[in-house]
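Reading through the structure tokens given below for one structure.
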Amino acid sequence: MTQKHEFHPSVLREYDVRGIVGDTLSAADAYAVGRSFGSVVRRGGGSRVAVGYDGRLTSVEMAENVVRGLNDAGINALQIGRGPTPMLYFSVYNLKADAGVMITGSHNPSDYNGFKMMLGGKAFFGDQIQELGTMAAAGDWAVGEGGIEDHDVRPDYLDELVAAYTTDVPLSVAWDCGNGVAGDILPDLIARLPGRHVPLNEVVDGTFPAHHPDPTVAEDLVQLQAVVRADGLAVGIGFDGDADRIGVIDGQERVLWGDHLLALLARDVLAERPGSTIIADVKASQVLFDEVARLGGEPLMYKTGHSLIKSKMAETNSPLAGEMSGHIFFADKYYGFDDALYVAVRFLDSVAKSGQSVAALRDSLPQMVNTPEVRFDCDDTRKFQVVDEVVAALRAAGTDFSDVDGARVSTPDGWWLLRASNTQPVLVARCEASDEAGLERLKTAVKEALAPCGVTPPSNF
């Protein structure tokens, strides 16, 4: 193996390393990730890194090469086998490892794969990921001879999940694994929960034959909605490919998006931990921030990105945080990372103890109208500049807005958001209002803000 390596420029992302296998990502990249990350761990005084992988067709090969890279950096690889990304995070705490690497393509199409990392119990992202590329290009690698240990953390992980359901109240639930690695855990989990449980697509298959594994896309929830309707179930829960993102529908087949879930979960958390900071990303509904304040908590709007949110949680000692993308993070009675299986059990526990249906809980929140998250093409070399131009114009006009992540503008009609994606060559817009007329005015405001930049949102916006 060469002692230097160049990554494709597109694969070193803000939150992970990710690409198309056979095009922008290869087994050699996996080795270089393991060697570079292992060097970081070793130079920081560590020696043990947990390694897991998802159910994609290329994940076993990628994991083997990551382990070789870790070993050649003098790191002992703790192999936990196939399972959800949050089980890998859990294993770092359970095994008292110094770091962890998860081989996963997350919610991306089947030809993708990638690597999510954590170091010292914290997210590994941003400049840290870029540094892996710099190290590889220079061959700046530690040299050693590490070993391999096999560990089965499933029993302990399952015990942790089951313990989050604190009542004997039975619920009727449909669970859609989307042929992702939630299927490795779900059968044993639901066998230990009271109620009626209907699993869907629990056979792990890296080609994702049932549907794309992204429970935050409405089209990917159609099968789940049909089963809830046909079987008269109280709730449906869906997972993405590596089970760190959750989607929920109620008994009326309506979607509870990430901000709905966070608002409802905050009720229980703040009842036990009054005054706590609850964090959500800049795309979340104002309803959420208002609800947290009403409950006596401290709402905090922050940047989009699961690694950024996790870091902010640690900084503010927040017990609960979430994103519209379906990442929900519990530090209350848990470890502060995004675990969709754990969140599902906590949510069901909250529903059971409330004595209300999921639909009734959803209806207890103020009902707003909003656009989905609208993404439209804008070159990586231009997207942040466009946002900067919009922010400058808003500031010059004395407009009320937040620039924590792009521009979120508050108006009498509601609010609108424009931000640049950290992971794709796109701009992202979203609007929310109390009625349709207000929503149309906000959409017009976004178009007017973009016009001087020479950017036009899609026609359906």
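Brief remarks on what is shown
- Debye intensity ratio in log₁₀ form over the Cα atoms of the range 153-366, taken at each q of 0.11 Å⁻¹: -0.47
- In whole angstrom, the range 174-235 maps to an equivalent ellipsoid with semi-axes of 18, 16, 8, each derived as √(5λ) from the alpha carbon gyration tensor and ordered largest first.
- Relative contact order computed over the range 189-338 (Cα-Cα under 8 Å; 6+ residues apart), in percent: 18
- Net charge of neighbours whose Cβ lies under 13 Å from the Cβ of Ala433, counting Lys and Arg as +1 and Asp and Glu as -1: -2
- With q set to 0.24 Å⁻¹, the log10 of I(q)/I(0) for the range 124-220, from the Debye formula over equal scatterers at the Cα positions, is -1.18.
- Rounded to the nearest 20 debye, dipole of the range 220-292 from Cβ charges on Lys, Arg, Asp, Glu: 140
- Check: the range 301-413 dipole with +1 on Lys, Arg Cβ and -1 on Asp, Glu Cβ, in debye: 340
- In the chain, helices alone account for a calculated mean residue ellipticity at 222 nm of -11000 deg cm²/dmol, with every DSSP H run of four or more residues adding -39,500 (n - 2.57).
- By average C-beta atoms within 10 angstrom, highest first, the peptides 250-262, 385-397, 349-361, 72-84: 72-84, 250-262, 349-361, 385-397
- Once you reduce the range 344-389 and the range 53-110 to the center of their Cα atoms, the two points are 30 Å from each other.
- Counting all C-alpha pairs of the range 159-200, share separated by more than 17 Å (%): 29
- Extreme residue, positive dipole direction of the range 176-289, given options Ala191, Ala284, Leu221 (C-beta unit charges): Ala284
- Normalised by the number of residues in the range 369-453, the average gap of Cα pairs under 8 Å and 6 or more apart makes the relative contact order 35 percent.
- Measuring between alpha carbons in the structure, the pairs from Lys310/Lys333; Lys4/Lys312; Lys312/Lys333; Lys96/Lys303 lying more than 25 angstrom apart are Lys4/Lys312; Lys96/Lys303.
- Rounded D (µm²/s) - the range 373-457, Kirkwood Rh over Cα pairs, Stokes-Einstein at 25 °C, 0.890 mPa s: 192
- Ranked list, fewest to most other Cβ atoms within 10 Å of each Cβ, for Lys122, Lys4: Lys4, Lys122
- Anisotropy class of the chain from Cα gyration tensor, a/c 1.5 cut: oblate
- The charge dipole of the chain, taken about its Cα centre with unit charges on the Cβ of Lys, Arg, Asp and Glu (plus for the first two, minus for the last two), comes to roughly 580 debye.
- For the peptides 265-275, 302-312, the ranking by mean Cβ contacts within 10 Å, running from highest to lowest, is 302-312, 265-275.
- Partner aspartates and glutamates for Lys353 [C-alpha distance under 15 Å; skip if fewer than 8 residues away on the same chain]: Asp168, Asp268, Glu272
Bear in mind these aren't lab numbers, they're just calculated from the coordinates by the rules spelled out. Quick caveat: nothing in here was measured; it's all calculated off a predicted structure. Using ideal geometry, Cβ is built from the backbone for each residue, glycine included, and neighbour counts are taken over all protein chains shown.
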